[in-house]
Structure formats: C-alpha cells, structure tokens
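Heads up: the structure comes next, in structure tokens.
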Amino acid sequence: MLKKRLTSMLLALTMVVALGSQAFAASALQSTVKECFETNQYSEYDYYTLVTELQSHSDQELLDIGYTYDDIEQLRSLSFQTALMERASLDKSVLKNYGYTENEISILKQISHGIMPMNDMSLRAVLAQCTGDFTINSRSSSQWTLVYTWTWDKAPLFLGNDSVGVSWGAYNSTSSNIDVLMTSSKAVGTCYNTITGVTYNKNLSRDQDADLNGVKYNFNMGTEGTDPNDYWVKNGSVTVTVKIATGSTAQIHYMKLCGLYGHAVMKITGSPSVTPGAGDAAWGFSFSASTSVQTLAVAKYAYYTDSNIPRQDLSGK
C-alpha cells in the first residue's frame, strides 16, 4: 500500500513537471492536483487523468523523485480500463442497480463491444462522482447536532475499504477556541443490492484509534460481481452531537466543521489513515492521499449559532 501523503505527492508531481523546465506548469499542475484531491464534488475522471499523468513518466523519473519500486509496481498495476471493461460486462439489470442511467449503460455496452472507443469523452460520461455536505439539525450556545452526508451518483469502479470522517472546532464571540465534548456519534450507510436493487441501512464501525479531533468510521464499500448478496454503499451520513462541559460558562458563537470521505481505488488491507490538521483546535484533517487512496467529498464550513448568518466556505475556493 502506498503511504505518501497528499503534500508529498504534490511535491513529487511538481518535481516531475520541473524536469521539463516549466516552473509555471508545475505551479498549475500543483493547483490541479490539489483541486482533484480536495473538492466538494469528486469525479473518478479527475483521478483517472491524474493517474494517467503519473503513469506517463518513466520508472527512472519516478525513482528520482522518491518513489520506490513497490510504489511504481502498484502505480503501473492500476488500470481504469480493465476495471471499466469488467464493469461493462455486467448485466444491464445489475448496472442499473449500480446507479447507471439507461444512456450510461448504453455507453458501457458500446465500449465493451468495441463500438465506442474508450476515450476521454466516454470515460467522463460513465465514471462516478461523489459529493459531500453538512446540515445542522440543532444549534445553541451550548449544544450542536451536525450531520455530514455523502452521495455517489453511481458505483465507483473500485469497491474497497473506505472511510468517512468528521472533525470540528468551537469558538466564542472573540474567535477563541473553546472546549466541547462529544455526547453521541452515529454513522449509517445506505446499501444497494446489486441483483434486486433492494436498499437497506448499515451501521458503520467507528475507528476508536483515529487520531483526530473528531470521529472516523470505516466500512467496506461493497462487493463486486453477481452474487445475490452483493451490494454497494451509495450514500450515508455521520451524525454528531457536541456540547459545552457541565459547569462551563463558555458559549458557542460559531463552529468550524470538516467532513471528508476517503476512497480506496486499490485493494488495500486497512482503511484510509488520517492526518490531523494544525492550529489551536486542529479542527481540520485529511486522509493520507496517495495513488491508492484519495480524499474526496470535502466539506469545510463555518456555521453560526445565529442561523440567520450564512455559513462560510472554508475550503479555500
């Protein structure tokens, strides 16, 4: 499993482009990669183009910037084309239960039969997207209940061990961080049976060892094939309640919230790991992104106790 964090990968890609003596291009690529890894709406196509860029460089170039032979072997083994052909070979009824529309199923079948080329246009049409957002169930100066949700428009090509995480920071009217206690946390995923299309809810497993100011849940994204028990997790939510400690006179003026989804595109043995954020509250964090895991469906906002004040986007866009 590749262990490189997002920052390492950004540096590596910058150095690769720098080989062409195009400093301005490196800066542009760095911005593109960051947008690919950290976006509210993630497309598999974006990741496909990123991996294709890495695979276009020689082994020696990758070795020169710090990749190991194992890293390179795993990078070379990642094939969107093979995964797409396997997906396209499934029955139409199964593809429908994977979330594909009639038009998308038609494109998949044309690709599998050699009628339509597997190019940027066709890949963009059939690769999955994932979005994430927050809603606030209740809020006051002493207690908040927040919900992070994520949704795939269709099943991603790679179904492995995924994770979802939420972190927070509470602040008073002078923007000083104040301590809050988590009183409850629950995560649920909506599973779709790939044969029958029947849906059911699945309680997700909380990672008690997650080192961050928040919560992290791990789960199997699904099983691939045509077994009657096969399923995939289309969407889900994490609900958290936090409150001021008993006896404290502090009051919550606003909260910073961070919700992330860690998606595995290779068969990794463990769930995506997390990197806590910096700062007085360390309210933000990221999954340790690499060519085998990426961070997606990012939602970073500041919400105010006064619901009349609009939320502020903290993603840096």
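Below are the figures for this structure:
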{"item": "Segment residue 229-residue 209, extension gain: residue separation times 0.36 nm, minus the distance between their alpha carbons", "result": "4.2 nm"}
{"item": "Solvent accessible area, Å² - residue 243, 1.4 Å probe, full protein context", "result": "70 Å²"}
{"item": "Residue 311 - accessible surface, heavy atoms, 1.4 Å probe, Å² rounded to 10", "result": "100 Å²"}
{"item": "Gain on full stretching of the segment that runs from residue 86 to residue 174 - 0.36 nm per residue minus C-alpha separation", "result": "26.1 nm"}
{"item": "Residue pairs, from the table 92/234; 92/216; 243/300; 96/202, whose Cα atoms sit over 28 Å apart", "result": "92/216"}
{"item": "Accessible area in the full protein assembly, largest first, 1.4 Å probe, for 186, 256", "result": "186, 256"}
{"item": "Residue-level accessible surface for residue 113, protein heavy atoms, 1.4 Å, Å²", "result": "130 Å²"}
{"item": "Partner aspartates and glutamates for residue 186 [C-alpha distance under 17 Å; skip if fewer than 8 residues away on the same chain]", "result": "133, 162, 207, 209"}
{"item": "Largest to smallest accessible area among 118, 266 [probe 1.4 Å]", "result": "118, 266"}
{"item": "For segment 170-272: accessible area per residue (Å², 1.4 Å)", "result": "46 Å²"}
{"item": "Theoretical FRET efficiency, 1/(1+(r/R0)^6), r = Cβ-Cβ of residue 249 and residue 308, R0 30 Å, to 0.05", "result": "0.75"}
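The values are calculated or read from the model by the stated rules, or taken from the named source; none is laboratory data. These figures come from a predicted structure and were not determined experimentally. Heads up, the Cβs are rebuilt from the backbone with ideal geometry, glycines too, and the neighbour counts pull from every protein chain shown. These accessible areas exclude ligands, DNA and RNA; they are computed on the full protein's heavy atoms, side chains included. Shrake-Rupley method; radii C 1.70, N 1.55, O 1.52, S 1.80 Å.
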